[in-house]
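Enquirer: One structure coming up, written as structure tokens, with questions to follow.
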Amino acid sequence: MVLIGVFVYGFIGNTVWTSMTDWGGSGSLALDPEKHFIGLDNYVDLFTGFLSGGFRQDLVNAVYYSLMLLGGAVGLGMFIAILLDRKPWGEGFLRTVFLYPMSLSFIVSGTIWRWLLAPQGGVNVLPTYAGLKPLHFDWLSSTGAVLVFNWQHLFSVLLYVAAFFMILLGLWGMRHDPRKAIRRWLVPGIVVGAATWLFGGLLPDALFMEEEHGFNLATLGIIIATIWQYSGYTMALYLAGFNGISQDLRDAAMLDGAGEVGYYRHVAIPMLKPITISAVIILSHISLKMFDLIFAMTGPDNAETGHPALTMYLTTFRANDFARGAAIAVVLFLVAATFIIPYLVSQYKQRRRG
Amino acid sequence: MADVELRQVVKRFGKVEVVPGIDLKIRDEEFIVLVGPSGCGKSTVLRMVAGLEGITSGEILIGGRVVNQVSPKDRNVAMVFQNYALYPHMTVRENMGFSLKMRGESREDIATHVAEAARILELTPYLDRKPSELSGGQRQRVAMGRAIVRSPDVFLFDEPLSNLDAQLRTQMRMELRKMHLRLKTTTIYVTHDQIEAMTLADRIVILKGGDIQQVGTPIEVFEKPANAFVARFIGNPPMNILEGVFRICDGKRFVEVGKSVFPVPDGRGAVLADGAPVLAGIRPDSIKMGDSIEKLPREWWCRGEVVVSEVLGGQSHLEIVIDGENELIAEVEGRVVAHPGEIVPIGFEFDRMALFDPETTLAVD
């Protein structure tokens, strides 16, 4: 307990403290460096500072990266698990094959994928084996970006996204309880969306100048590599879950006329909701911490594929700007907490009820 | 509503023959119970009718239609499983309505059918609960509700009461019987419990090693068991079976078991010759004590020593020894007081005695 107190919570506290000082620049490596308390200046600078655009792009990257990794790894893992759940010939062997990427270090898989995604080799030359022209997509060094938005309009963009999800939730809930769905999600969603569209101009600008961020295509390669590495893991989670469902339940679903698709859609996958939730939590915190894979695939200095964790390392240990590095770390910590705390709360509530 | 017919149905798992080929006709509206010791293939037969298990050869007909190649969902059968197999993430309402939803029926129709089934089974207050919030008996009812909402042609029950405690089991047995009287749906019910078989069935099918030993009404299989296996399996306490020799002496026919002599009434054992080895089967309840022996002929009386007595209230189970060597289990009225070590007069209903061939164990008429 004491050790955990010191080495986990003590150090978190120390990081938070450091992030509120001006420890950095020349003399920061002195035996007894000068530190002054400067409050939240580091955070303000990270989110609005003229020179911190790189960090903001990193955050945007991390969001896209997390979303695509979640969708990809959970979807692909579930799909493979369903295929293996049908007990094909050689199931045990295939399971090992799919799980194997997990056992590789990120540095190793990063190097492999860097070769595979090289501009004149690997994946790009695959079509030539079928007599087609080689691809010319720069998987890791493309400078293109899609879904670009202006950081200045951050607030309205966030509101649009929120409205979109509320409407989506409302439409989905219509099937169960239309009245509640309309009252709770659909109407507020439409109101928020419309209000943002009408009065969005009144929202304060998040930044004093125009600054565009989007989904950098160069991160696609990294996302593919991570999905490759982690879908085996989600597959193992789901496969264990599917195997835990009793044969009787499957038989009952068959007799109830569910068919194979219906069985997975209405019975097996809803039953494995706890597994889905833990997969999402584990993957999202992995995606926030992602460091070595990016380091190995595109190097530390590729701004296009930057990631908060990587920037944190560079700021702290290369630029010796310890205070800013600590501030990035705290931001990451808070983002991770927003994923995990709702989960813990719901778990706690469930236990109280059950 | 449909009849079910099995024609030379064979099931092999790899090289293991589980069901070596059975023929069975189940009439419309009949309540059939498949009973046998564990591993006798009764559940396999049920699963083959449901379509959950393929058949190696032979034919299964439901309502006159060969269903060998018909998938489970298109056979219009409903099954209740031993562990209920309720969907844990759905409420009782959703569990019961699931099959109708899969059939694509309208929301209103589903609601009506579920409400009706819930009313019959007294589940209305629990419709919005999850299975984990219900007691064993309630879950059992939900499983039955899930079966009846679809109004299937055939109900299949796979040991549905074996997870309940004794009292609830008796109660649910009654309810099952009532439900069948009301719905009249053809039912195939699998159990290893011969009391369930006796109380529920229109006809009982006794299975052993995948083979049908006997098909008959509860009274038929009890009074006229087709072989020694059925005789031992049906009835509790089991039938006393003693090895003896058939004798004909001065026109009187009897079975000699050691020093004991059991007279054989006329018309029984006609095919047996003097000196033929035979198994004599005596039901515990055909052994009488106290006042009720007065109705029996004098030559069916003897004396026996009580070894152990188990008082159950309504009746007592006694272990008695006759002629100093033959142990018998007797089931007598609870009013009869018998203490261990006492020598008491006992009477046998020899007209109910069963005779079996020791080689084939088949019943001898």
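Enquirer: Over all pairs of distinct alpha carbons, what does the Kirkwood formula give as the hydrodynamic radius of segment B:104-261, in Å?
Expert: 18.9 Å
Enquirer: Relative to the Cα centre, what is the charge dipole magnitude of chain A, using +1 at the beta carbon of each Lys and Arg, -1 at the beta carbon of each Asp and Glu, and rounding to the nearest 20 debye?
Expert: 1440 debye
Enquirer: Along the principal axes of its C-alpha atoms, what lengths does chain B span, in descending order and rounded to whole Å?
Expert: Extents along the principal axes, in whole Å: 79, 45, 33.
Enquirer: In addition: Under a Cβ-Cβ cut-off of 14 Å, what is the net charge of the residues other than residue B:215 that fall near it, where Lys and Arg count +1 and Asp and Glu count -1?
Expert: With Lys, Arg at +1 and Asp, Glu at -1, the neighbours total 0.
Enquirer: Please name which of B:265, B:344, B:277 has its Cα lying farthest along the dipole of segment B:240-356 towards the positive end, using unit charges on Cβ (Lys, Arg +1; Asp, Glu -1) and the Cα centre as origin.
Expert: B:265
Enquirer: In addition: Mind grabbing the accessible area of residue B:274 for me, 1.4 Å probe, Å², rounded to tens?
Expert: 90 Å²
Enquirer: Same structure again: Can you sort A:103, B:106 by solvent-accessible area, 1.4 Å probe, largest first?
Expert: So, going from the largest accessible area down, we get A:103, B:106.
Enquirer: Per DSSP H run of n ≥ 4, the term is -39500 (n - 2.57); total these for chain B, divide by its residue number, and report the mean residue ellipticity at 222 nm rounded to 500 deg cm²/dmol.
Expert: Only helices count here, giving -7000 deg cm²/dmol.
Enquirer: Taking beta carbons within 10 Å but only from partner chains, what does the mean come to for residues B:83-89?
Expert: Across the residues of B:83-89, the mean count of other-chain Cβ atoms within 10 Å is 6.
Enquirer: Does segment B:1-68 come out rounded, prolate or oblate, given a ≥ b ≥ c as the square roots of the eigenvalues of its C-alpha gyration tensor, rounded meaning a/c under 1.5 and, failing that, prolate meaning a/b above b/c?
Expert: Oblate, because a/c is 1.5 or more while a/b does not exceed b/c.
Enquirer: Per-residue accessible area for residue A:234 at 1.4 Å probe radius, Å² rounded to 10?
Expert: Rounded to the nearest 10, the figure is 0 Å².
Enquirer: How long, wide and thick is segment A:163-202, going by the Cα atoms along their three principal axes, in whole angstroms, largest first?
Expert: Cα spread of segment A:163-202 along its principal axes, largest to smallest: 37, 14, 8 Å.
Enquirer: Okay, next question. Using a 1.4 Å probe over the heavy atoms of the protein chains, calculate the carbon and sulfur portion of the accessible area of segment B:9-72 as a whole percent.
Expert: Whole-percent figure for carbon plus sulfur exposure: 47.
Enquirer: Treating only the Cβ of Lys, Arg, Asp and Glu as charged (+1, +1, -1, -1), what charge dipole size does the protein assembly as shown show about its Cα centre? Round to the nearest 20 debye.
Expert: Dipole of the protein assembly as shown, to the nearest 20 debye: 1540 debye.
Enquirer: Further, regarding this structure: When all C-alpha to C-alpha distances in segment B:1-149 are sorted into bins of 5 Å, what percent of pairs does each bin hold, rounded to whole numbers?
Expert: 2, 9, 16, 18, 16, 14, 12, 8, 4, 1, 0
Enquirer: Over segment A:1-155, what portion of Cα pair distances is larger than 28 Å, expressed as a whole percent?
Expert: The answer is 56 percent, as a whole percent.
Enquirer: Could you tell me which of A:142, A:118, A:78 has its Cα farthest along the dipole of segment A:60-204 towards the positive end, charges placed at Cβ (Lys, Arg +1; Asp, Glu -1), taken about the Cα centre?
Expert: A:78
Enquirer: Rounded to the nearest angstrom and ordered from largest down, what semi-axes does the equivalent ellipsoid of segment A:209-315 get from its C-alpha gyration tensor (root of 5λ)?
Expert: 40, 14, 12
Enquirer: Next question, about the same structure. Could you give the nm distance between label points at residue A:149 and residue B:250, where each point is 7 Å from its Cα heading toward the beta carbon?
Expert: 11.3 nm
Enquirer: Keeping all protein chains in position, work out how much accessible area residue A:228 exposes to a 1.4 Å probe, and write it in Å² to the nearest 10.
Expert: 90 Å²
Enquirer: Contact order normalised by length for segment B:4-227, with contacts defined as Cα pairs under 8 Å and 6 or more residues apart; what percent is it?
Expert: Computed over segment B:4-227, the figure is 30 percent.
Enquirer: Over the Cα atoms of segment A:169-238, Rg to Rh with Kirkwood Rh, two decimal places?
Expert: A ratio of 1.20.
Enquirer: Let me ask something additional. Taking a cut-off of 19 Å between Cα atoms, list the lysines near residue B:130, but don't count ones fewer than 8 places away on the same chain.
Expert: Here the lysines satisfying the reach criterion relative to residue B:130 are A:273, A:349, B:101.
Enquirer: What is the percent carbon and sulfur in the accessible area of segment A:177-280, measuring with a 1.4 Å probe over the protein chains and ignoring ligands?
Expert: Taking all protein chains in place, segment A:177-280 shows 66 percent carbon and sulfur surface.
Enquirer: Tell me which lysines have Cα within less than 29 Å of residue B:288's Cα, excluding those fewer than 8 residues away on the same chain?
Expert: B:224, B:252, B:259
Enquirer: While we're on this one: How big is the Rg/Rh ratio for segment A:1-55, C-alpha atoms only, Rh by Kirkwood, two decimals?
Expert: We get a ratio of 1.08 for segment A:1-55.
Enquirer: Roughly how tilted is helix A:273-289, in degrees to the nearest 10 and between 0 and 90, from the longest Cα axis of chain A?
Expert: 30 degrees
Enquirer: Around residue B:259, what is the net charge, scoring Lys/Arg as +1 and Asp/Glu as -1 over all other residues with Cβ under 15 Å from its Cβ?
Expert: With Lys, Arg at +1 and Asp, Glu at -1, the net is -4.
Enquirer: Let me ask another. Return a whole-number percent for the relative contact order of chain A, with Cα pairs under 8 Å and 6 or more residues apart as the contact set.
Expert: Relative CO of chain A lands at 30 percent.
Enquirer: Here's something else I'd like to know. Report, in whole Å, the centroid distance computed from the Cα atoms of segment B:339-365 and segment B:146-167.
Expert: Between the Cα centres of segment B:339-365 and segment B:146-167 lies a distance of 38 Å.
Enquirer: For segment A:124-155 and segment B:265-319, what is the separation of their C-alpha centers, rounded to whole Å?
Expert: 93 Å
Enquirer: Order A:160, A:64, A:238 by their accessible area, 1.4 angstrom probe, all chains in place, largest first.
Expert: Ranking A:160, A:64, A:238 by accessible area, largest first, yields A:160, A:64, A:238.
Enquirer: Among A:161-173, A:48-60, what's the highest-first ranking by average C-beta atoms within 10 angstrom per residue?
Expert: A:48-60, A:161-173
Enquirer: Among rounded, prolate and oblate, which fits segment A:200-272 when a ≥ b ≥ c are the square roots of the eigenvalues of its C-alpha gyration tensor, a/c under 1.5 means rounded, and a/b larger than b/c means prolate?
Expert: Since a/c reaches 1.5 and a/b is larger than b/c, the shape of segment A:200-272 is classed as prolate.
Enquirer: Would you mind getting the accessible area per residue of segment B:4-227, heavy atoms of the protein chains only, 1.4 Å probe, in Å²?
Expert: That works out to 43 Å² per residue.
Enquirer: Would you mind giving the total buried accessible surface between chains A and B, with a 1.4 Å probe and ligands, DNA and RNA left out, rounded to the nearest 100 Å²?
Expert: In total, this chain pair buries about 1700 Å².
Enquirer: Determine the sum of side-chain charges near residue A:151: Lys and Arg each +1, Asp and Glu each -1, restricted to other residues whose C-beta is under 10 angstrom from that of residue A:151.
Expert: That sum, taken over residues with Cβ under 10 Å, equals -3.
Enquirer: How many Cβ atoms of partner chains, on average, are near each residue of B:69-76 if near means within 10 Å of its Cβ?
Expert: Mean shielding count: 3.
Enquirer: Under a point-charge model restricted to the Cβ atoms of Lys and Arg (+1) and Asp and Glu (-1), what is the dipole moment magnitude of segment A:160-260 relative to its Cα centre, in debye to the nearest 20?
Expert: Dipole size: approximately 460 debye.
Enquirer: Calculate how steeply helix A:219-244 sits against the longest principal axis of the alpha-carbon atoms of chain A, using the helix alpha-carbon long axis, and give the answer as 0 to 90 degrees to the nearest 10.
Expert: Compared with the principal axis, the helix lies near 40 degrees.
Enquirer: Ratio of Rg to Rh for the protein assembly as shown, alpha carbon only, Kirkwood?
Expert: Result for the protein assembly as shown is an Rg/Rh of 1.17.
Enquirer: Would you kindly work out the equivalent ellipsoid of segment B:143-182 from its C-alpha gyration tensor and give its semi-axes, the square roots of five times the eigenvalues, largest first in whole Å?
Expert: 19, 12, 8
Enquirer: Further question on the same structure: Taking a quarter of the surface of the convex hull around the Cα atoms of chain A, what do you get in nm²?
Expert: 25.0 nm²
Enquirer: Further question: Calculate how many DSSP beta bridges within segment B:4-227 are antiparallel, expressed in % of all such bridges and rounded to the nearest 5.
Expert: Bridges in segment B:4-227 that DSSP calls antiparallel: roughly 55 percent.
Enquirer: Still on this structure, please answer the following. Run through every distinct alpha carbon pair of segment B:226-365 and return the Kirkwood hydrodynamic radius in angstroms, one decimal place.
Expert: 15.4 Å
Enquirer: Per residue of A:240-253, count partner chain C-beta atoms within 10 Å of its C-beta, then hand back the mean as an integer.
Expert: Partner-chain Cβ atoms within 10 Å, mean over residues of A:240-253: 4.
Enquirer: Work out from phi, with θ = phi - 60° and the Karplus expression 6.51 cos²θ - 1.76 cosθ + 1.60, the ³J(HN,Hα) of each residue of segment B:195-200, listed in order in whole Hz, and give x for Gly and Pro.
Expert: 5, 4, 4, 5, 6, 8
The values are calculated or read from the model by the stated rules, or taken from the named source; none is laboratory data. Everything quoted here is computed from the prediction, not taken from an experiment. Every residue, glycine as well, gets a Cβ built from its backbone with ideal geometry; the counts of neighbours run over all protein chains shown. For the accessible areas, the whole protein counts, side chains as well, though only heavy atoms, and no ligand, DNA or RNA atoms are used. Shrake-Rupley method; radii C 1.70, N 1.55, O 1.52, S 1.80 Å.
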